[in-house]
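Written out below as structure tokens is the structure these notes cover.
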Amino acid sequence: MQSGYFQVTVKHSGKVLEIRDGSLKDHAPVQQNEANGKENQLFTVVKETGRNFRIIARSSGYAFDVSGGDKSMGNNVPVIVYPASGASNQTFKLRKQRQTPPLGNCDEIRFSAG
């Protein structure tokens with residue numbers, strides 16, 4: 001994987017992930033929005049162990065965090081940003097997905113329980 005900052009595009013909507021309202025505070029929610037090129041839509045991916053990665057917001061330096069910790073594995077659990085702690089609710093797996101044209105290839109982010 002290349003280094004640098006990336007926009008994360010959501011497969012089903014075509015929108016990108018962003019930190020709501022450009023917040024620099026912890027617990028700020030991650031949401032979808034139209035791409036606008038602002039810093040709150042840029043993220044870097046940091047390799048952890050195995051196939052696990054941490055996703056860090058460029059604007060705040062905080063990590064994606066599945067709200068509620070390790071036990072929050074149901075649907076509709078919010079993703080927020082929070083200082084990196086090494087907890088498994090801040091660890092994600094990236095998998096290459098094949099799509100039919102015109103989408104080409106895209107990355108999918110999935111929560112990893114550890």
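The values are calculated or read from the model by the stated rules, or taken from the named source; none is laboratory data. Owing to the predicted nature of the structure, the values given are computational and were not obtained by experimental measurement. All Cβ positions, glycine included, derive from the backbone under ideal geometry; neighbour counts span all protein chains shown.
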(message) Can you tell me which condition Asp70 does not meet? The list is (1) in a helix (DSSP H, G or I); (2) over 17 Å from Thr91 (Cα atoms), and all the others hold.
(response) (2)
(message) I want to confirm something. Restricting to the range 26-55 and keeping residues that are basic (Lys, Arg) and under 14 Å from the mean Cα position of the chain (by Cα), which single residue is nearest to Lys15 (Cα to Cα)?
(response) Arg54
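What number of residues within the range 34-61 satisfy the criterion of being over 15 Å from Phe6 (Cα atoms) and either surrounded by 13 or more Cβ atoms within 10 Å (Cβ to Cβ) or among the acidic types (Asp, Glu) (or both)? Even if it seems obvious, please write down each step before you answer.
Step one: of the range 34-61, the residues over 15 Å from Phe6 (Cα atoms) are 48-52.
Then keep just the ones that are either surrounded by 13 or more Cβ atoms within 10 Å (Cβ to Cβ) or among the acidic types (Asp, Glu) (or both); that gives 48, 52.
Of the residues in that region, 2 qualify.
If I go through the range 1-60 residue by residue, how many of them are among the acidic types (Asp, Glu) and assigned to a loop (DSSP other than H, G, I, E, B)?
Our first condition is that a residue be among the acidic types (Asp, Glu); within the range 1-60, this holds for 18, 21, 26, 34, 39, 48.
From the residues that got through so far, the ones that are assigned to a loop (DSSP other than H, G, I, E, B) too are 26, 34, 48.
Total satisfying the criteria: 3.
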(request) Please verify whether the range 101-111 includes one or more residues that are assigned to a strand (DSSP E or B), at pLDDT 95 or above and under 10 Å from the mean Cα position of the chain (by Cα). (result) no
(message) Pairs needed: first member in the range 7-23, closer than 14 Å to Lys38 by Cα and in contact (Cβ under 8 Å) with a residue 12 or more places away in the chain; second member anywhere, of a type outside the set (A, V, I, L, M) and part of a helix (DSSP H, G or I); C-beta distance under 6 Å; at least 6 residues apart or different chains.
(response) Gln7/Gln41; Val16/Gln41; Glu18/Asn40; Glu18/Gln41; Ile19/Asn40; Gly22/Asn40
(message) Return the residues of the range 36-94 that are under 17 Å from Glu18 (Cα atoms), among the acidic types (Asp, Glu) and in contact (Cβ under 8 Å) with a residue 24 or more places away in the chain; say none if nothing qualifies.
(response) Asp65
